[in-house]
Amino acid sequence: MVLFILLFLVVFFIFAVFLSNQQGKSENLDSFLGEHGIRVSRAERFLDGTHLIYDQSSDRLWLYKEKGQKYIGANRNCIICCEVNIDDETEHRTSLSSAAGRAVVGGVLLGGLGAIVGGVTARKKSNHLIHEVTLKIYYDIAEQEPFAVDIKTFSDGRGSQSTDGFYKDAYNKTMAWSKFIEGYMR
């Protein structure tokens, strides 16, 4: 009986700590939105704790990372490209699906060698387990070197079939944001 009570208390304590952490994250996000005067028109929280937030009133796309409370607020001119990667292979690239487009992104990020590698990369199809899906957004903000941010939208260490419901939901959400960003860039 004592063991049962002790086990109950441990589980209750863990649950209370979890709820406290979740509430703190929500308060941090709410504080961030208020501090920057962001009116949420569209938003999503991804697996890695990254939030994508579109504010139609200011026409800005915000990226907020819970860990470290880092953020980027970019207008459409600051986003170079967006791509969806499945297990480190490019599945979809916004507006730059040609070899020339890959060369531009490769050149911006890695110089001449990157342009060559980017130009010769090709989409590869295979029937294998999927371990990770990322949404990668490339930025070119004045007075900074161009950079990219990876947002992990799906992760399964064991691997999932492409028919798995959790994978499909994450993939569809990732593609929807990629398409949204593509439209936003125009």
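Summary table
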{"read-out": "Search result, residues across segment 44-91 that are within 15 Å of T153 (Cα to Cα) and out of contact with any Leu (no Cβ under 9 Å at 6 or more places or on another chain)", "value": "L47, D48, G49, K65, I86, D88, E89, T90, E91"}
{"read-out": "Strands (runs of 3 or more DSSP E) (entirely within segment 17-119) containing at least 2 residues that are at pLDDT 95 or above", "value": "42-45, 50-55, 60-65, 79-86"}
{"read-out": "Filtered residues of segment 142-186 (kept if hydroxyl-bearing (S, T, Y), more than 16 Å from the chain's Cα centre (by Cα) and within 20 Å of D48 (Cα to Cα))", "value": "S160"}
{"read-out": "Residue list for segment 148-185, filter: closer than 12 Å to I137 by Cα, crowded, with 19+ Cβ neighbours inside 10 Å and of a type in the set (V, I, T)", "value": "I151, T174, I181"}
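The values are calculated or read from the model by the stated rules, or taken from the named source; none is laboratory data. From a predicted model like this one, the values you see are computed outputs, not experimental measurements. Using ideal geometry, Cβ is built from the backbone for each residue, glycine included, and neighbour counts are taken over all protein chains shown.
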